[in-house]
1. Set the bar at 20 Å for Cα to Cα. Now go through LYS130/LYS297; LYS146/LYS182; LYS130/LYS182; LYS73/LYS302; LYS55/LYS113; LYS130/LYS156 and name every pair that lies beyond it.
2. How many angstrom lie between the Cα centre of region 189-212 and the Cα centre of region 37-91?
3. Evaluate the Kirkwood expression for the hydrodynamic radius of region 47-169, namely the inverse of the mean inverse distance over all pairs of different C-alpha atoms, and round to one decimal in Å.
4. Farthest toward the dipole's positive end in region 47-169, which of GLN79, LEU99, GLN162, given Cβ charges of +1 (Lys, Arg) and -1 (Asp, Glu) about the Cα centre?
5. Please compute the alpha carbon radius of gyration of the chain, then divide it by the globular-protein estimate 2.2 N^0.38 Å. Two decimals is fine.
6. What is the sum of charges, Lys and Arg at +1 and Asp and Glu at -1, for the other residues whose Cβ falls under 9 Å from the Cβ of TRP119?
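Read-outs throughout are calculated quantities, based only on the coordinates presented, and are distinct from any laboratory measurement. Since the structure is predicted, the reported quantities are computational estimates derived from the model, not experimental observations. Reconstructed Cβ throughout: ideal geometry from the backbone, glycine too, with neighbour counts over all protein chains shown.
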Amino acid sequence: MAVLFVSACADDTNVDQPTELEPFDSKYSLDVTWHNSTGEGAGEQYLFLYPLILKNIAVTASRDGILSIISLKTGDFEQEIELDATISAGIGGNEAVWLLATRDAYVIAVDAKTRAVRWRTRVPSEVLAKPVIYEDMAIVRTIDGKILSLNIDSGKIRWQYQRAIPDLTLRGTSEPVIARGKIFVGLADGRLIAISPDNGEVIWDVALAIPAGRSEIQRLVDIDGDAQIYGRVLYAASFQGRIAAIDVERGQFLWARDFSTHTGIVLDDKTLYSSDENGNIWALDRLNGATIWKQEKLAYRKLTRPTIIGDYIAVGDFEGYVHLLSRYDGRFVARFQLGQYDNLGWELATGIIVPPIVFAKDRLVVITRGGILYVLALREHDDDI
């Protein structure tokens, strides 16, 4: 199987150059509460090493298999656990169990109380999307088109769903969404399915995107970005396809429009936000898909999926900048560049591919490609800066 991340398939002579950042006036700034190294990050690899953010701790995994438990208040390390594995996805789980996936196709469960490995289960192929817990099972998606249900206590495979994938796909897979007694998954062929968590049987199957064009690259329609549920409506978007709202009970489209993204979408009660393949940030009406605003001043900066924090949305980019924008009109509110330090003490910019995560309502947790974990806070100043 050929695997592709599109931005890497072109050389410097034929790609659109990242937009240069423009200064702006604001009375707000993003300040570092603390930062710490979590070990070997994703580096240049396209790996979404999501940390697991719990009430008082962040659980992180380095690519070389070191699980770290860090105090969210101070940034101090509480414990490190060696897993003797190469990690391929972010951490899933909850207060009771933490789930990880490895490059050599194992899923590992760590008991949160004893902090010991509960089980290791071999799955058909590598896992790039973090496992998801639903009741007494872990739902796992592999890169070869399989979806599996594992017993959360023993790791035993209960059922397996298999779907053929195209010869050429984007490097990545979207995280399954579980709600209203169904598992919703976006597939590499542009289709969305709802399956039963009881036995893996398909409840409905719709085409969010239809391959078009002569070349394999033109026909890429992966649904790699995460979808979201609001009430009984599923919102999802594909690469080189559409963004849409779908009734979760009937599998029928409520609205759809042309759109292309590999980062996914995020919702509030009225609006859908997404960064498209060209680095534009969109705010769309959740009820009909109409454009509310579009921010074009971050074009080609390889943005993450937006994250909602209060009245703002936050995105990261390839140079390690975190941008904070107004949810209501897309204007810039604050900006901060994360970095890491070499042996001489020089700060080096490092990119962000994992979307920022909200902690305690008014803090952002951000991890860089280099494995540096930051907690940022929004501050208001007396004078404009």
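1. Listed pairs above 20 Å: LYS130/LYS297; LYS73/LYS302.
2. 32
3. When all Cα pairs of region 47-169 are included, the Kirkwood radius is 14.6 Å.
4. GLN162
5. Details: Rg = 20.1 Å, N = 385, 2.2 N^0.38 = 21.1 Å.
With N residues counted in the chain, Rg over 2.2 N^0.38 Å equals 0.95.
6. My count for the surroundings of TRP119 gives +2.
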